[in-house]
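To keep things clear, I will list the structure first and then write my remarks on it.
The values are calculated or read from the model by the stated rules, or taken from the named source; none is laboratory data. Not measured: the values here are computed from a predicted model. Cβ placement follows ideal geometry from the backbone for every residue including glycine, while neighbour counts extend to all protein chains displayed.
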Amino acid sequence: MKIHEYQAKEIFSKFSIPVPKGQVAHDAKEAKRIAEEIGGGRWVIKAQIHAGGRGKGGGVRVAETLEAVGEIAEEMIGMTLVTPQTGPQGKLVSKVLVEEGITVKQEFYVGAVVDRPNQCPVLIASAEGGMGIEELAATHPDRIVREWIDVGVGISAFQARNLVFGLGIDASLVRDGVRVFTQLYRIFDSLDCTLVEINPLVITEDNRLLALDAKIEFDDNALYRHKELLELEDSAEQDPLDLEASRHRLNYIRLDGDLGIMVNGAGLAMATMDLIKQAGASPANFLDVGGGATTEMVTKGFEIILNDENVRGILINIFGGILRCDVLAKGVVEAASKVKIKVPVVVRLDGTNVEEGRQILAESDLELIVADSMADAAEKVRAIAS
């Protein structure tokens, strides 16, 4: 689960990581009021969307008068912001963060992620903040400092110091830097995060360390331990189909292809996606209805696939085990009665109650393309793709 920058900074403040003074605004009048309360003669207005690269799309701007704060907020709120991470469709801006303007002497990148090959968290730091860490890792990996953390021990003081010294931070700020790295890991660990990032962490003109930006992502599978974090979710930032699927406990991810799939089991899903690619098509989604799916869940999953306007064909690939083939067939027939099918549908069933499932489909009025095997399904998918 992702949250907005202003929400991440509220968490940072609770963990004693310093951030600029600022508040979120939902209209121009509120933005001006916040700027007036902050004081000073310069403010930064930042669009709040779940995507990076906002500055490149005009989503981060500086104002030097209260009138300019209102004008910029008026322009931003309601605009569709396109960044390198949003895709060409962009994202609608519904709120902005108004912050004090900061004069920066130096920028750094710091972050915490899960290192899957090493099966542990890793803290990452670079003296080249403000740019994409992925690009830096690809072109200049030697400019990145890393410390791997033993989850049974937590971050040690010497590890935090190694990161600070690796950034070349001035001696007067070493203690502050150690606190930032220590608290960054505590956020990551205690809130079950998959990512905590400050880009950039800056040294200000008056020699302070500040988190100028903040990004946090939480592990969805651990949110049951943090019910309070669910309140931070912004449903407006989610794909409507993804949101609808989550409400019905479906494992659904929307992709950019044109062939919808419904399977049971993640392994079968990956094999089915490979089959589709080999057939010359691209999957429009990942949809695993799971072993314990009910007729209602299958019905909803099929409806979600059909509601994706990019889909021009569907492959249902089910191996009946816990999810019986007759349950799947009933769900498909029920969904078809609610949503008109305008694309070809290939169905491959095998396993528990397969004959009952095939009979249900045969006795329906649906014009389905039945496949006898994976190889047969591949051929029929290839015909759709061509």
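Remarks
- Restricting region 8-25 to residues that are in contact (Cβ under 8 Å) with a residue 24 or more places away in the chain and closer than 17 Å to ASP192 by Cβ, the residue that is farthest from the chain's Cα centre (by Cα): PHE15
- Qualifying residue in region 365-383 (condition: assigned to a helix (DSSP H, G or I), buried (at least 20 other Cβ atoms within 10 Å of the Cβ), among the β-branched types (Val, Ile, Thr) and under 34 Å from the mean Cα position of the chain (by Cα)): yes
- Among residues of region 332-356 that are touching a residue at least 24 places away in the same chain (Cβ under 8 Å) and of a type in the set (S, T, N, Q), those with a beta-carbon under 9 Å from a residue that is surrounded by fewer than 17 Cβ atoms within 10 Å (Cβ to Cβ) and assigned to a loop (DSSP other than H, G, I, E, B) at least six positions away or on a different chain give the pairs THR352/GLY321; THR352/ILE322.
Conditions (1) in a helix (DSSP H, G or I); (2) free of Cβ contacts under 8 Å to residues at least 12 places away in the same chain, marked per residue:
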| position | (1), (2) |
| --- | --- |
| LEU201 | no, no |
| LEU229 | yes, no |
| GLU244 | yes, no |
| ASP274 | yes, yes |
| ILE304 | yes, no |
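- Being in a strand (DSSP E or B) and within 29 Å of GLU228 (Cα to Cα) is not true of GLN85.
- Entry remark, region 101-128: residues being more than 19 Å from VAL180 (Cβ to Cβ) and in contact with a strand residue (DSSP E or B) (Cβ under 9 Å, 6 or more places away or on another chain) number 6 in total.
- Selected residue [in contact with a Ser or Thr (Cβ under 7 Å, 6 or more places away or on another chain) and either at pLDDT 90 or above or assigned by TED's automatic domain parsing to the domain that holds ILE49 (or both)] from VAL82, VAL122, VAL98, VAL104: VAL104
- For region 1-56, the set of residues classified as in a loop (DSSP other than H, G, I, E, B) and under 30 Å from TYR224 (Cβ atoms) consists of MET1, ILE3, HIS4, PHE15, SER16, ILE17, VAL19, GLN48, ILE49, HIS50, ALA51, GLY52, listed by residue number.
- Odd one out for ALA28 among (1) crowded, with 21+ Cβ neighbours inside 10 Å; (2) hydrophobic (A, V, I, L, M, F, W, C); (3) not assigned by TED's automatic domain parsing to the domain that holds LEU232: (1)
- Only listed residue being over 24 Å from LEU243 (Cβ atoms), surrounded by 16 or more Cβ atoms within 10 Å (Cβ to Cβ) and hydroxyl-bearing (Ser, Thr, Tyr), chosen from THR352, THR295: THR352
- ILE77 vs. criteria surrounded by 20 or more Cβ atoms within 10 Å (Cβ to Cβ), at pLDDT 90 or above and in contact with a Phe, Trp or Tyr (Cβ under 6 Å, 6 or more places away or on another chain): no
- Residues being under 20 Å from HIS4 (Cβ atoms) and assigned to a loop (DSSP other than H, G, I, E, B) - total across region 203-213: 2
- Residues located in region 168-199, provided they are modelled with pLDDT of 95 or more, among the polar types (S, T, N, Q) and either assigned to a helix (DSSP H, G or I) or touching a Pro at 6+ places or on another chain (Cβ under 9 Å) (or both): THR182, GLN183, SER190
- Applying the criterion of being in contact (Cβ under 8 Å) with a residue 40 or more places away in the chain and of a type in the set (Gly, Ala, Ser) to the residues of region 54-74, the residue that is surrounded by the fewest Cβ atoms within 10 Å (Cβ to Cβ) is GLY70.
- Some residue of region 162-170 being surrounded by 13 or more Cβ atoms within 10 Å (Cβ to Cβ), among the aromatic types (Phe, Trp, Tyr) and over 16 Å from PRO200 (Cα atoms): yes
- Under the condition of being over 20 Å from the mean Cα position of the chain (by Cα) and in a loop (DSSP other than H, G, I, E, B), the residues counted in region 57-71 number 3.
- The residues of region 214-242 that are closer than 16 Å to HIS4 by Cα and either aromatic (Phe, Trp, Tyr) or in contact with a helix residue (DSSP H, G or I) (Cβ under 7 Å, 6 or more places away or on another chain) (or both), listed by number, are ALA214, LYS215, ILE216, PHE218, LEU229, LEU230, LEU232, SER235.
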